[in-house]
Structures are given as structure tokens and as C-alpha cells.
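Enquirer: Mind looking over this structure? Questions follow.
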Amino acid sequence: MTSGTEQLRLTQYAAGGGCACKVPPGELERVLGGLPTGRPGPDMLVGLEHGDDAAAVRIDGGRAVIVTADFFTPVVDDPYDWGRIAATNALSDVYAMGGTPLVAVNLLSWPRDRIPFDVAAEVLRGGADVCAQAGTYLGGGHSVDDPEPKYGQAVTGIADADHLLRNDAGLAGQPLTLTKPLGLGVLNNRHKATGERFEEAVAQMTTLNRDAALAALAAGARCATDVTGFGLLGHLYKLARASGVSAVLDAAAVRYVEGARRSLAEGFVPGGSRRNLDWVRPHLVADVDEDELVLLADAQTSGGLLVAGEVPGYPVVGELVEAGEHTIAVR
């Protein structure tokens, strides 16, 4: 950053941060449940039905186009890093469905009277660098004057229509693989409160899910989702419910970013994480304490993939089982 903006703390210009500022899942589902789904037809492979990561439409033969959009308020103070995180997170929706992102456009909201627009240029530079890393074209986009800064991208990708990764294709007996550690929400919340920087968290949030998605497809997986604002428990609940199965989660097998447990103990918990747990709790039976459940429900930003199937190189954290009285059992 330039010397004139070195002390600027972007996270102080927004009420929430990252994917923790998502609309609560229960409220979102209630609203979406009453909306029309647009043009009907067999070529709409994935739509609103199960709240999957993106829309998928067959365009010809075995090809499908994948379309998504994702943007959020600052999750870190450094504008370049925020741009990288937001772009990585937006591209993740395409990877989570087994696709390759082809082109992205920027989505930018900016309080021009409060934050110099040169800072926005650093945010956009971060997004552009991630697209270059992913081999994704970056076009223009859209910007508006807004009281809160927000940034993200709308992304279009391509995939094999007959080999999508979907959240409704899980089968009882399949192991569950998680490709990134949890704890990003509590660390981002601590960063917002204290200004402390967590290098491992930034590294995780700027790691593309491309390699994990390719490994999942190579292993024969057909069911996956990415773990973002609804936390591991929330996204697992949606996957199991859509697939008509239940899930058993091995809490001891789940990895966490360094400092996450300490930050939880010191009270740095996003409101979104507690809302996630409240939403899932009626469908949950647990043999672990409340702190463990809060971490498992922690609202992630640019988290990893949750895959139904074993993916070499990544830890297995549970399994899908026949549908039972509870959708998720945590042990």
C-alpha cells in the first residue's frame, strides 16, 4: 500500500466480514423457497433446489456452463490480500462443482467519500492476480458507490455435464474428505478486533481449490461442496439433506488453522458461526462440547472442499450413512 494508506484498516468500515456476513441460512432458504425458478427444462442441471454452489446448464452434448457470483465486505485490512481472498472464494464455486473457470468480471462497491479509490485499485489488483494464477480471463465488471466496501466476482466456467460435483449425489457408505483446515472465521474476527495478522489464515484463503477439485474428480467423486459461510456443519447438513442420507463426523480428525482454538477461548467468534450452529442444532446429535461445535460451525471465508469420497492427500473426517433420526452425528 502507499504510505498515505498504510494505517487504513478496511475491516473497520464494515459491520461484518467475509462470508460471516452472509444472510443466515434458515432465513435465506425461507425466502428462496417461494421464488420462481425461471425457464424450466431438462438442460438446467443444477438450480435452486438444493442450494448448490452454482448454477449449471447443459449447453451442448456433454458440456455444461457453470455460473456463480460471490462478493463480501473486507475480511482483512490489506486491500491486495482482500482482493485475492475474494477472487479465490468466487472461483471456488466453479471448482466445487468440478468445473474450470473461464472468465470473471469484478463486482465492486466503494465508499468513495471515505476511502481513497487508490485503495480500490489494490483490491482489484489482488483479484486480477488470482485470475491470472487460475488461468481465468478477467473482463470488466460493475461498480457502485456504497457506504460499505464490498468486492467479489461473477464467474463463468465449463464442466463435463455428466461428471459434475453436486451436493445431492452423496451415497451412504462414502467417506467424507475435507481439503482445508477450519478456524478462518474466528481468526478473521480476531483480526478485525485487534489488527493482528495471521499468515496461515491468509495463505489458506488464497489457495485455489483447483487441485483439490481435480483430485476429487480423478478419484471418481460425484458429490462435493465448498465450506464457506455456513461452516462445516451447515454445508454438511445441506449436502446430507439433499442426498437423502445422514452423516457421522469425527471431530478429532478435523484440522484447524493455528491459533483458532485460542481465539475461540478468548471470545473471538463471528455471529454467523453461532447462527450456523443454531440452524443445524435441531438436526444434530453430538458427543463433543459446545466449543467444539462452534468451531465446526465456524463461518469460513474461501474454505476448502467437502467431498463425498476419499481424496488422496487430504484427511477423511467422517462418512455418509443411511438416513436416520438425526442428519449429523458428531463424535
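Enquirer: State the Cα centre-to-centre distance between region 256-331 and region 143-178 in whole Å.
Expert: Result: 19 Å between the Cα centres.
Enquirer: Compute the length gained on full extension between L102 and R274: take 0.36 nm times their separation in residues and subtract their Cα-Cα distance, giving the result in nm to one decimal. The partial results should precede the final answer.
Expert: Details: separation 172, 0.36 × 172 = 61.92 nm, distance 3.56 nm.
So the chain would gain 58.4 nm between L102 and R274.
Enquirer: Counting Lys and Arg as +1 and Asp and Glu as -1, each charge on the Cβ, what is the dipole of region 172-217 about the Cα centre in debye, to the nearest 20?
Expert: Using only the charged Cβ atoms, the result is roughly 120 debye.
Enquirer: For A219 and E258, what does the FRET efficiency come to when R0 = 30 Å and r is the distance between their Cβ atoms, rounded to the nearest 0.05?
Expert: The pair A219/E258 has a calculated efficiency of 0.60.
Enquirer: Now for a separate question. How do I115, I85 rank when sorted from fewest to most other Cβ atoms within 10 Å of their own Cβ?
Expert: The order, fewest Cβ neighbours first, is I115, I85.
Enquirer: Calculate the dipole size of region 175-330 relative to its Cα centre from +1 charges on Lys and Arg beta carbons and -1 charges on Asp and Glu beta carbons; express the result in debye to the nearest 20.
Expert: Here the size comes out at about 540 debye.
Enquirer: Over all distinct Cα pairs, what is the inverse of the mean 1/r for region 175-330, reported as the Kirkwood hydrodynamic radius in Å?
Expert: With all distinct Cα pairs of region 175-330 included, I get 15.5 Å.
Enquirer: Using the Cα centre as the reference, give the magnitude of the dipole from point charges on the C-beta atoms of region 142-194 (Lys, Arg: +1; Asp, Glu: -1; all else neutral), rounded to the nearest 20 debye.
Expert: Value, rounded to 20: 380 debye.
Enquirer: Right, next: Treat each spin label as a single point 7 Å out from the Cα along the C-beta direction, and report the R114 to E322 distance in nm.
Expert: 5.6
Enquirer: With the Cα gyration tensor of region 132-235 giving a ≥ b ≥ c as the square roots of its eigenvalues, does the rule (a/c under 1.5 for rounded; else a/b larger than b/c for prolate; else oblate) give rounded, prolate or oblate?
Expert: In terms of gyration-tensor shape, oblate.
Enquirer: For the chain, with the dipole built from +1 on Lys and Arg beta-carbon atoms and -1 on Asp and Glu ones, taken about the Cα centre, which of V130, V257, G185 lies farthest toward the positive end?
Expert: V130
Enquirer: Is region 62-207 best put as rounded, prolate or oblate by its Cα gyration tensor, with a ≥ b ≥ c the root eigenvalues, rounded for a/c under 1.5, and otherwise prolate when a/b is larger than b/c, oblate when not?
Expert: Oblate is the answer for region 62-207, as a/c is 1.5 or above yet b/c matches or exceeds a/b.
Enquirer: Using only Cα atoms, what Kirkwood radius does region 261-311 have, in angstroms?
Expert: Across region 261-311, the inverse of the average 1/r is 12.3 Å.
Enquirer: For the chain, what does -39500 (n - 2.57) per DSSP helix run (n ≥ 4), summed and divided by total residues, give at 222 nm, in deg cm²/dmol to the nearest 500?
Expert: -9500 deg cm²/dmol
Enquirer: A further question follows. For the chain, what's the relative contact order in percent, using C-alpha pairs closer than 8 Å and at least 6 residues apart?
Expert: Values: 774 pairs, mean separation 77.7, N = 331.
After rounding, I find 23 percent.
Enquirer: May I pose another question? What Kirkwood radius, in Å to one decimal, follows from the Cα pairs of the chain?
Expert: 19.8
Enquirer: When the chain is fully extended, how far beyond the present Cα-Cα distance does L8 get from S143, taking 0.36 nm per residue of separation?
Expert: 46.5 nm
Coordinate-derived values only; no laboratory data. The structure presented is a predicted model; accordingly, all values stated were derived computationally and were not measured. When we count neighbours, we look across all protein chains shown, and the Cβ atoms used for this are built from the backbone with ideal geometry, even at glycine.
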